[in-house]
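Peer 1: My questions all concern the structure below.
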Amino acid sequence: MVNDVEKRWRDPRTFRRAATYVCSVLATAALVFVLALLWTAERQNCSEADTLLCDTPAQAAMLIGPSSVLLIGGIGAFVETYVQWRRGQTWPIWQGAGWFLFTLMVVYLGIGGGSLTA
């Protein structure tokens, strides 16, 4: 017998919770990005350089900071996926949120890592 309750794809309350979670993770990643940008702009080592990301610590801060927030957010969404699954509630929405955050992290790392080698 198939359990129809287990894999529901439509649950507006869960969707709102997951969307709020994703938006808060994205806002936190953007805040970390801005803080890292301000930090790299004020560094003594880069004050006379032509580029903002003039050395390895500046590049690492811009690449690792927001990526870490997205990674931790994705892991948090997958933990919530497991919790929802164990309760027999709507878990696919949270799994989608986790994969969305992981995909953004990989895209950010790909773009940021590609720009460092140029």
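Peer 1: Picking from Cys54, Phe78, Leu38, whose Cα lies most toward the positive end of the charge dipole for region 33-92 (charges on Cβ: Lys, Arg +1; Asp, Glu -1)?
Peer 2: Phe78
Peer 1: Leaving out ligands and nucleic acids, note down the accessible area per residue over region 39-109 with a 1.4 angstrom probe, in whole Å². Let's see the in-between values first.
Peer 2: On the way: 4030 Å² over 71 residues.
Roughly 57 Å² per residue, with all protein chains present.
Peer 1: Percent relative contact order of region 25-85, based on C-alpha pairs within less than 8 angstrom and at least six residues apart? Walk me through the intermediate numbers first.
Peer 2: Working: 34 pairs, mean separation 25.3, N = 61.
Relative contact order of region 25-85: 41 percent.
Peer 1: Tell me the relative contact order for region 56-113 as a rounded percent, counting alpha carbon contacts under 8 Å between residues six or more apart. Please list the in-between numbers first.
Peer 2: Working: 42 pairs, mean separation 24.5, N = 58.
It comes to 42 percent, rounded to a whole number.
The values are calculated or read from the model by the stated rules, or taken from the named source; none is laboratory data. Quick caveat, the model's predicted, so the values are computed rather than measured. Using ideal geometry, Cβ is built from the backbone for each residue, glycine included, and neighbour counts are taken over all protein chains shown. These accessible areas exclude ligands, DNA and RNA; they are computed on the full protein's heavy atoms, side chains included. Shrake-Rupley method; radii C 1.70, N 1.55, O 1.52, S 1.80 Å.
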